[in-house]
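Heads up: the structure comes next, in C-alpha cells.
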Protein chains: 2
Amino acid sequence: MSFTRERVVVRTVRPEVAQGRFPAKAIAGHPVEVRADILCDSHDVLAVVVHWKAEAAQAWQETRLTLDVNDAWRGSFVPPAVGRYHYTVTAWVDHLATWQRDLTKKADAGVATPIDLRIGVPLITDLLPRAATPVRRRLEQLLAALQDEALPLPIRVDAAVSEELADLTWSLDPRANQVRYDRILELVAERERAGFSSWYELFPRSTSSEPDTHGTLRDVITRLDHVAALGFDVLYLPPIHPIGETHRKGRNNTIEAGPDDPGSPWAIGSRHGGHKDIHPELGTIEDLRALRDACRDRGMELALDIAFQCTPDHPYVAEHPEWFRHRPDGSIQYAENPPKRYQDIYPFDFETSDPEGLWTELRSIFEHWLAEGIRIFRVDNPHTKSFPFWRWCLDDLSRRYPDAIFLSEAFTRPKRMYELAMRGFTQSYTYFTWRRHKHELEAYYRELFHTDVVDFFRPNSWPNTPDILTDQLQSGGRPMYVQRLVLAATLTANYGMYGPAFELMWSAARPGSEEYLDNEKYEIKRWDVDQPHSLAEVIALVNRIRHAHPALQQDRTLAFHEVHNDQLLAYSKTAGDDRILVVVNLDPQYVQAGMTWLDMQALGLEEDDHFEVHDLFAGGTYHWHGPANYVQLDPHISPAHIFEVRRHRTEADHEGLA
Amino acid sequence: MSFTRERVVVRTVRPEVAQGRFPAKAIAGHPVEVRADILCDSHDVLAVVVHWKAEAAQAWQETRLTLDVNDAWRGSFVPPAVGRYHYTVTAWVDHLATWQRDLTKKADAGVATPIDLRIGVPLITDLLPRAATPVRRRLEQLLAALQDEALPLPIRVDAAVSEELADLTWSLDPRANQVRYDRILELVAERERAGFSSWYELFPRSTSSEPDTHGTLRDVITRLDHVAALGFDVLYLPPIHPIGETHRKGRNNTIEAGPDDPGSPWAIGSRHGGHKDIHPELGTIEDLRALRDACRDRGMELALDIAFQCTPDHPYVAEHPEWFRHRPDGSIQYAENPPKRYQDIYPFDFETSDPEGLWTELRSIFEHWLAEGIRIFRVDNPHTKSFPFWRWCLDDLSRRYPDAIFLSEAFTRPKRMYELAMRGFTQSYTYFTWRRHKHELEAYYRELFHTDVVDFFRPNSWPNTPDILTDQLQSGGRPMYVQRLVLAATLTANYGMYGPAFELMWSAARPGSEEYLDNEKYEIKRWDVDQPHSLAEVIALVNRIRHAHPALQQDRTLAFHEVHNDQLLAYSKTAGDDRILVVVNLDPQYVQAGMTWLDMQALGLEEDDHFEVHDLFAGGTYHWHGPANYVQLDPHISPAHIFEVRRHRTEADHEGLA
C-alpha cells in the first residue's frame, strides 16, 4: 500500500460472474446494465463511468453511470455485435459538480457569497487549455459572468450552477485521482436465439408415414411444415448416431432386446461408427444436410444431441481403452447408480491417463457437426463430465463459432447446474418441470432472474421430455397441459417440449413413475398429429404471441404480482412500451377468482392509472384501474390470461398529439 | 487452460471478505467456521479440508470439512493466539470412500459380487508403502479378510466398508488430482475484548466533586469504583486534548462562546498543543498514566477518542498549511454542510500535495498514545477521512499492536460503514440507536449476523451518545430506558452508553431535535449519580448477566423467535450448553402478552422438549413445553425477560447419571 490522493472506492461491480472468474452473458444489440457501489469519504459529488470494448479492440468506450440510491450507481452499454467484450468501472471526485451542488444549496438558503463563486474559478480555468475553441469561448463567457461584480449575485450564481457549464466541462475533467475497479470483467455477447428460442423435440425414426417402418432424416423433412406452423424455431433430434447392439435395451427399458427393438438413441456406437456417424437406418450425411437446409428454409434451425458415452460396440472402446475405467477382471466399468447397472453404457473416465487425447476427441465431435453447419447442440448429462473439460471445450468453441448454442441437460443439484452455465453453456434445462405451486414458481424464478444468476444462467423451460412425464401432466388433463404450456412459454424466453407427445397429450405412465409407458426411447412410434384433440392451435397461438411481443423475448423484467388466491399466479414482463401480464389458474379442475394487487411500477404505470388489458390468449378486453382488479379463470374454458397492457391515453397525451 | 485430471471445483469459501480483498475477523481461542461449496461431476464421494496457519508459520495445519447439504461443506479451526492467519480449502475425489459407499449400497440391495470387493484391493494396496508398520499390518489383515474366498461374502463386505478401514486410510490418501481454492484468505484473530466489551462514556471535566470546578483526569479516578461496580470494562473519554479558542462554540452550540465556556472537546488544538497533548485543565501525562493504571487495577481499560480535525489554533495549521484546503482569499476551508458552517473546525484535505506527510503524522497520533499503553480508541467520524488511509494506518498498527481495538464512529450510509470495518476497524457504532420496532430490529440484526457482514463487522450498540438523545428516550421514561439497555446489552456482545446521562435518564432535548439540551459537549456538568431513581442497579444486573453467560459474549448465534404480538420481540443466543432467551416488551406503556413459537433447533432443543426458563433479570422460573408458550410483560414492572433456558433432565439422562 502506498500513499495516495485517491479517495474513491469501486465495489460490487455487476455483472460479475463468480467474482470475475467467468464471463457474463448478454445478447448483441441489447443493453447490458452495469451497476457498481461507489464509495468516497466525506460528501463530494462523484463521477462514474463504465469502460467497455470488444476484446480485440484497442480503444475503450465509455458510458456514464448515474447514482441510484445508497451509493449504488447504474448505467448500461450495448455490445453492438456477437463476440467477447471487456468492461470495468472508473470513478473520481467531481470537484466542479461538488462546487455547483454546494453553491446551489447556499444560494437556496440565501447565504451564498462572492467567495463561494470564486472557489469555482480555478476549477474552470484549469480546464480551458483542454477545450476546443468554441467550448473555450463559451466557458470564458460563463467565467466572466460568474465573476462580474456588476451583475446581481443571483445572476452570477445561475451562470455558475448552470447545466450548460456542467455539460461543457464534463469531457474536459482531468479526472484527478480516478480509481478503476481492480478487475477487467469479461462479457460474451451472443445472438438473439441464445436468449429467445422455442424448441421442438422429435424422434426421426418415428416420422415415417408408413406403418412399421423406421423413419429417416428425409421423413423428418415432411414434418417440418407442421413444426413451423406451430411456431417453433429449433427442431431438436435425439442422437442420430449408430445404436449399439451389445446389451441393447428392449421396449420399456427391459434388459433383453427383441430382434426388432431399435434400442435407445443415447446408446451410441456400433460397428457402423460412433459420434461422428449417422445411424444407417436414419440415412446419410447428405440427408442430414438436406434436413438442415429444409429447416433453414422455414426459419428454423436443426439442433443435435451430443451425449458423451459409448456402448460396448463403440469404436472408441477398442481404439482407446485408456479413456475408460477398467475393473479388476479387465472388463470396462459400465455406468452404475448402485444398485442399478447400465451394462449398455460405458462412461468416459475423466481421470484417464490421456486427458489431452480424450478432451481433444470429444471437442472434435462438436467440430465435426459445426463443420456441417449445425449451430445448436443439446448436451446430454453434462454434469457427468468434468467441469474443467467444459470450460476448455466451450470457451474454445464459442470463440471460433460465436453463433454456436449449447443447451445443458443438467438435471442435477442447483450449484452444479449453475457451474455448468458459468463454464460456457448457453442455456440450461431447469427445475420448471417440477415447480407447480405458486410459491415454488415465484421462489424459483426470483432466484433465476432477481439474483446474480441472471447474468450467466439462461433457463429453458420444458413441461415434458422423453424422460419426464410429471404427475400433474399424467392426471391434469387438457387444462394442465395448457397451463404448463403457457407457464413455460411466458415465464422464460427459452422453452421447449417433447413435441408429439405434448401436442397429443400422451399421458400414459409406467405405474408409480414419472416415465412414459412404452417410451419412444426404446421403440418406434407413429404420431398422428392431426387428431381433433391436438393442442396444435393453442401451441401455435402461444408461439405467435411470443414472437409478436418483445416483452416475452427476454427474462430480466419478470415481476410477480400479488393475487389474493394461492391458485392464481400473476406475473409480468415488459420491454419498453410492450407490457405483458399473465395470470394462470394453477388449479386444473375448478374456477378460481381473486383480486390482484399489481406492482404498478413493474408495469410502467402510475398507482392511479386507468388501463386496458387485452387478452391475447383467450380474447376479451377489460378496463382496469390501479392495483386492485378482479380476475377469474375457468380452467376448462381457459386456464390463463395473457394480457397485453395498454395505458389509457390521458388528456395530456391527447394534447400532445393535437 | 490445460488438460487436467482434476475434477473438483472449490467455490464460495467463507469467510471471505470482499472477495478476499480484506481479512476476516475472529477471536483468538474461538472456532472459525469455514464453509465452501465443493462441486464435482458424477457421483463420487469427496474429501475436503481447510488448511490454515499463522501468517509467519511455514507449515499448514488441516481440519476436515463435512458435507452439510446441497454441495455445501462445513468445519472449523481455532486460531490459538492473537495475530494474523492464512487459510484455504482443498478438495479431492475420495476413491476409497466412493468404493465403500457403492459397495454398501450394493450389499444392502443384495447385489454385491466378489468383483465389487476386488475393485477396492488396488486402492488399498497402493497405500501400503505409505503406512507405518502397525497401520500397514492392520490394513493387510483387512485386505486379506475382504479377499478371503473362504469367508461368507457379508463378512468380507463388512471388512471392506468398515469405518476402521476409512479411518486408517484417510491420512494415507495420496489425494490424487486435489484442487486448492484459487485464493489464500486472510484472518485477523483478536483478543476477547474485541468481541465482548461494555463501554461507559464520561466527560472528565464533569467529574470534579467541587461545584463549578473543571474536573481533571485525577477526578476521574474517583469515579472508577462506581463505573466498575456498574460492570463496565471500557471507560471511554471524549478527546482530552487542548481545546481551541478561535470561533470556540458556546453553551448549546452557540456561535459566540462566553469567557467561561469550556468549548467542545472535539475542537482540538490550541497554543497548548494538539492531538498528542493534554488539555491543561485536565492535567498532565502523569495524570493520564495514573488513570490508565487505576482502570487496569479495576479490570477496566481506558479508551481515548481520536478525532482527526483541527481548530484554527492547532499547531498543524501553521506548520502544515498544505494539509488543509485553501479558499481563493487564502483562508483555510472550514468544515461545511451547506448551508451550515463550522468555522471552528478545519478538516484535513486527503487530496493534499503531501499525503505521505499527513498520513504518517496522523498515524503517529495513534502511536503516541499506544506508547502510553492505551489500547482502545474510539475514532470520530472516520468516514470523512479517506478509505485508503484507514487501510494503510490500521493494517500497520494492528500488526504492530495486535491487541489494539479501534471503534469506528461511522454514523453514515451502510456501505461506507461496512467498508470502514473491512479496512480494519475492530468495532463500529450502528443504527441500533434508531431501530425501535420489531421488524426493524429483526431485519437489522439479521443483516449483521446472518449474512457475510458478520465476518468483518462487529456492531457496538449504543442507546444514547452525547450527540444523540432519541425520541423514544425523550418520551418513554424508565420502561424505555430499561428496554433499550436490555436490547443493546443482549442483542450485541459489544455495547456502550453515554453513562451518567443514561444512568440518570437525563432526557431534556433541544425542542424538535434528537440532541441533548444544555449538551455536555459545550459545558461542564455535575452528575449526582447516587440519586434514588438511578438505573445503576439495573445496569449492574445486566452487566453481571452478560459476564456470567458466554451466550451473550458473541453474536453469531443470535436467532429471532416468533411471538404473536408485534410489541414483543424474542431472540436467543447460545454458546454450547449456555442458552439465553430474551423477550422484550417494546411498548413502554402497556402490558403486552402473546404466545411464542420458538425455533427449538436454535435453542438446541427437540420440538417436544420440556424445559425450564429462569428469568435472570426479573426473577421467576417457568416450566415450558415445545415451541408455544405464553409470555406477558408489564413494562412498569419489567420490560424484559432474560431467560436462562435449561432442558429438563429426561429419564435417559437420569439413567446416564445413575
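Summary of values
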| quantity | calculated |
| --- | --- |
| Residue, nearest to B:L96 (Cα to Cα), within the stretch B:145-169, restricted to residues that are outside any helix (DSSP H, G or I) and within 50 Å of the chain's Cα centre (by Cα) | B:V161 |
| B:Q141 vs. criteria in a helix (DSSP H, G or I), under 30 Å from A:Y418 (Cα atoms) and not aromatic (F, W, Y) | no |
| Residues located in the stretch B:212-223, provided they are open to solvent by 10 Å² or more (accessible area, probe 1.4 Å) and within 20 Å of B:K521 (Cβ to Cβ) | B:D212, B:T213, B:H214, B:T216, B:D219, B:R223 |
| Residue that is farthest from A:F324 (Cα to Cα) [pool: residues in the stretch A:360-405 that are over 20 Å from the mean Cα position of the chain (by Cα) and in a loop (DSSP other than H, G, I, E, B)] | A:G373 |
| Sole residue being crowded, with 17+ Cβ neighbours inside 10 Å, without any contact (Cβ under 8 Å) to a residue 60 or more places away in the chain and in contact with a strand residue (DSSP E or B) (Cβ under 8 Å, 6 or more places away or on another chain), chosen from A:A501, A:A493 | A:A501 |
| Filter result for the condition that a residue is closer than 30 Å to A:S398 by Cβ and either touching a helix residue (DSSP H, G or I) at 6+ places or on another chain (Cβ under 6 Å) or not assigned by TED's automatic domain parsing to the domain that holds A:R35 (or both), over A:L185, A:L151 | A:L185 |
| Qualifying residue in the stretch B:413-434 (condition: outside any strand (DSSP E or B), touching a helix residue (DSSP H, G or I) at 6+ places or on another chain (Cβ under 6 Å), among the β-branched types (V, I, T) and at pLDDT 95 or above) | yes |
| Unmet criterion (only one of (1) within 30 Å of A:W359 (Cβ to Cβ); (2) buried (at least 19 other Cβ atoms within 10 Å of the Cβ); (3) out of contact with any helix residue (DSSP H, G or I) (no Cβ under 6 Å at 6 or more places or on another chain)) for B:V9 | (3) |
| Selection count where residues are buried (at least 19 other Cβ atoms within 10 Å of the Cβ) and among the polar types (S, T, N, Q), scope the stretch B:446-460 | 1 |
| Only listed residue being surrounded by fewer than 16 Cβ atoms within 10 Å (Cβ to Cβ) and either closer than 21 Å to B:D219 by Cα or hydroxyl-bearing (S, T, Y) (or both), chosen from B:D528, B:D518 | B:D528 |
| Which numbered condition A:Q100 fails, given (1) away from chain B (no Cβ under 11 Å); (2) open to solvent by 60 Å² or more (accessible area, probe 1.4 Å) | (2) |
| Residue list for the stretch B:259-269, filter: open to solvent by less than 30 Å² (accessible area, probe 1.4 Å) and in a loop (DSSP other than H, G, I, E, B) | B:D261, B:P262, B:G263, B:S264, B:P265, B:W266, B:A267, B:G269 |
| Wholly enclosed strands (runs of 3 or more DSSP E) of the stretch B:1-45 bearing at least 3 residues within 14 Å of chain A (Cβ to nearest Cβ) and hydrophobic (A, V, I, L, M, F, W, C) | B:8-14, B:32-40 |
| Test for B:L504: is it under 20 Å from B:K573 (Cα atoms) and over 20 Å from the mean Cα position of the chain (by Cα) | no |
| Whichever residue in the stretch B:307-338 is hydroxyl-bearing (S, T, Y) and either at the interface with chain A (Cβ under 9 Å from one of its Cβ atoms) or not in a helix (DSSP H, G or I) (or both) and, among such residues, is farthest from B:P388 (Cα to Cα) | B:S331 |
| Only one of A:V82, A:V78, A:V89, A:V157 that is at negative phi, aliphatic (A, V, I, L, M) and within 14 Å of chain B (Cβ to nearest Cβ) | A:V157 |
| Meets criteria (out of contact with any Ser or Thr (no Cβ under 8 Å at 6 or more places or on another chain), more than 22 Å from B:R416 (Cβ to Cβ) and surrounded by fewer than 24 Cβ atoms within 10 Å (Cβ to Cβ)) for B:A443 | no |
| Options B:I115, B:I119; residue that is surrounded by 15 or more Cβ atoms within 10 Å (Cβ to Cβ) and within 14 Å of chain A (Cβ to nearest Cβ) | B:I119 |
| Matching residues, the stretch B:472-501, being in a helix (DSSP H, G or I) and within 22 Å of the chain's Cα centre (by Cα) | B:Q483, B:R484, B:L485, B:V486, B:L487, B:A488, B:A489, B:T490, B:L491, B:G499 |
| Conditions (1) within 16 Å of B:D182 (Cα to Cα); (2) hydrophobic (A, V, I, L, M, F, W, C); (3) open to solvent by 70 Å² or more (accessible area, probe 1.4 Å): number failed by B:L67 | (1) |
| Which numbered condition A:D344 fails, given (1) modelled with pLDDT of 95 or more; (2) open to solvent by less than 30 Å² (accessible area, probe 1.4 Å); (3) outside any helix (DSSP H, G or I) | (1) |
| Count of residues meeting criterion [more than 8 Å from chain A (Cβ to nearest Cβ) and either out of contact with any strand residue (DSSP E or B) (no Cβ under 7 Å at 6 or more places or on another chain) or among the hydrophobic types (A, V, I, L, M, F, W, C) (or both)] in the stretch B:342-366 | 16 |
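So that you can scan it fast, the table gives a plain yes or no per residue for (1) open to solvent by 40 Å² or more (accessible area, probe 1.4 Å); (2) charged (D, E, K, R):
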| site | (1), (2) |
| --- | --- |
| B:E281 | yes, yes |
| B:L288 | no, no |
| B:E301 | no, yes |
| B:P321 | yes, no |
| B:I332 | no, no |
| B:E372 | no, yes |
| B:R375 | yes, yes |
| B:R378 | no, yes |
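Every residue, every condition in (1) more than 30 Å from A:G20 (Cβ to Cβ); (2) open to solvent by 60 Å² or more (accessible area, probe 1.4 Å), yes or no:
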site	(1), (2)
A:P129	yes, yes
A:R156	yes, no
A:A159	yes, no
A:A189	no, no
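Conditions (1) out of contact with any strand residue (DSSP E or B) (no Cβ under 9 Å at 6 or more places or on another chain); (2) modelled with pLDDT of 95 or more; (3) away from every other protein chain (no Cβ under 14 Å), marked per residue:
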position: B:I124; (1), (2), (3): yes, yes, no
position: B:L127; (1), (2), (3): yes, yes, yes
position: B:V161; (1), (2), (3): yes, yes, no
position: B:E164; (1), (2), (3): yes, yes, yes
position: B:R175; (1), (2), (3): no, yes, no
position: B:A194; (1), (2), (3): no, yes, yes
position: B:S197; (1), (2), (3): no, yes, yes
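Here's the yes/no breakdown for (1) within 12 Å of another protein chain (Cβ to nearest Cβ); (2) at pLDDT 95 or above:
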{"position": "A:K340", "(1), (2)": "yes, no"}
{"position": "A:H368", "(1), (2)": "no, yes"}
{"position": "A:E372", "(1), (2)": "no, yes"}
{"position": "A:N381", "(1), (2)": "yes, yes"}
{"position": "A:F387", "(1), (2)": "yes, yes"}
{"position": "A:D396", "(1), (2)": "yes, yes"}
{"position": "A:L407", "(1), (2)": "no, yes"}
{"position": "A:F411", "(1), (2)": "no, no"}
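The values are calculated or read from the model by the stated rules, or taken from the named source; none is laboratory data. Worth saying up front: this structure is predicted, and the values here are computed from it rather than measured. Because the Cβ atoms are built from the backbone with ideal geometry, glycine has one as well, and the counts that use them run over all protein chains shown. Remember, those area values only see protein heavy atoms, side chains included, never the ligands or the DNA or RNA. Shrake-Rupley method; radii C 1.70, N 1.55, O 1.52, S 1.80 Å.
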